[in-house]
Amino acid sequence: MRFLFGLLIASFAAAASVEPSHGHGDTFHEAVSQDDQCICRTDLTVNLPERSLQAQQCTCQEIHRILEEGVQLKLRVAELEAKVAELEEELTERPNENEYATLESDGARWRAFWWYKPNAWPTDVLQVEYGSCSRDDRLCFGRLPRKLQEDEAEILATDSSGNAYRWAFNSINPTAHAAWLAFHDHVESKVTNGQTWDPRVISGTPPKAAQDSFVYRKQNGVVSLLLDDDNCDCLSTISMGHGLCNTAFSTDYAQANVYGVDQLYDSHCQPPLPGNQLTLYFKESDIESPGE
């Protein structure tokens, strides 16, 4: 398929570029000089196909048409090249992504994109593109697949205490959109006391406070993430990396330079700790109920 796309691009590129001619009257100003009815720029050189001197006595309108057609062809070639690059990216299957753990829950099939079991921490809790990890890695700080669309995407989180929460992204909810910018676009973002973005509880205990605040920023050397009620550690659902509180962190809730994850249900002010486990999945497809 890539070979065919290459041939297509080559054919358009050939049409968009005209080979120089070494015959008489092969430049723009020479052609224009044959037509004393128009005044055009004489410092612009345009190579024309070789033909008889009489046939090269073009009018300005004809020359402009040739130029415009050349520009349009080049624009079309650029569009096709961009499309080919996009298709090649889709066709280039990352070697590990189809091996990632899957889960069927709450009427949907989910595939893991982020997981953590006690281990060392890198410098960013969303450090790598989707598909970069091996299934057997003890941690994978991956982002959502780029192919996902914001208003159709959902995530499922499970922890080592048996809690499972489900969220649906929503581009008109500032809190949900800030989370999307982080998880999908790798953009640092922050919303404080915005619109509630509560999860659907699949199992375990519901959060104690409305989840209306989100932050993704660097703290003590690690870009960390927090979804809670006020950007300050307590009563959170997703908390990963270093403890966060407003523009820094608070020693009332977290120790300096301690990195990990929190359980999804935070009864009071539990900081992210290295002994906890957390896995995030994206919704791959809905599961049809029997008889549908």
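The values are calculated or read from the model by the stated rules, or taken from the named source; none is laboratory data. Everything numeric here is computed off the predicted structure, so don't read it as measured data. Cβ coordinates were reconstructed from backbone atoms using ideal geometry, including for glycine residues, and neighbour counts include every protein chain displayed. When the accessible area is computed, the model is the full protein with side chains, heavy atoms only, and any ligands, DNA or RNA have been set aside. Shrake-Rupley method; radii C 1.70, N 1.55, O 1.52, S 1.80 Å.
Restricting S250, S267 to those that are of a type outside the set (K, R), modelled with pLDDT under 95 and out of contact with any Cys (no Cβ under 9 Å at 6 or more places or on another chain) reduces the list to S267.
What tally of residues in region 271-292 results from selecting those that are part of a loop (DSSP other than H, G, I, E, B) and modelled with pLDDT under 90?
Selection size over region 271-292: 6.
Condition first: at pLDDT below 75 and surrounded by 13 or more Cβ atoms within 10 Å (Cβ to Cβ). Now tell me which residues in region 63-86 satisfy that. Within region 63-86, I63, H64, K83, V84 qualify. Within region 109-130, if we keep just the residues that are out of contact with any Asp or Glu (no Cβ under 7 Å at 6 or more places or on another chain) and of a type in the set (S, T, Y), the residue that is least open to solvent (accessible area, probe 1.4 Å) turns out to be Y116.
For region 131-220, which fully contained strands (runs of 3 or more DSSP E) count at least 2 residues that are open to solvent by less than 20 Å² (accessible area, probe 1.4 Å) and closer than 20 Å to G260 by Cα?
Details: elements: 139-141, 154-159, 164-168, 189-191, 200-203, 213-219.
Result: 139-141, 154-159, 164-168, 213-219.
Scan region 243-266 and give yes if some residue there is outside any loop (DSSP other than H, G, I, E, B) and open to solvent by 50 Å² or more (accessible area, probe 1.4 Å), otherwise no.
Pass one, region 243-266, residues outside any loop (DSSP other than H, G, I, E, B): 245, 248, 259-261.
Right, trim to open to solvent by 50 Å² or more (accessible area, probe 1.4 Å) and you get none.
No: region 243-266 contains no residue that is outside any loop (DSSP other than H, G, I, E, B) and open to solvent by 50 Å² or more (accessible area, probe 1.4 Å).
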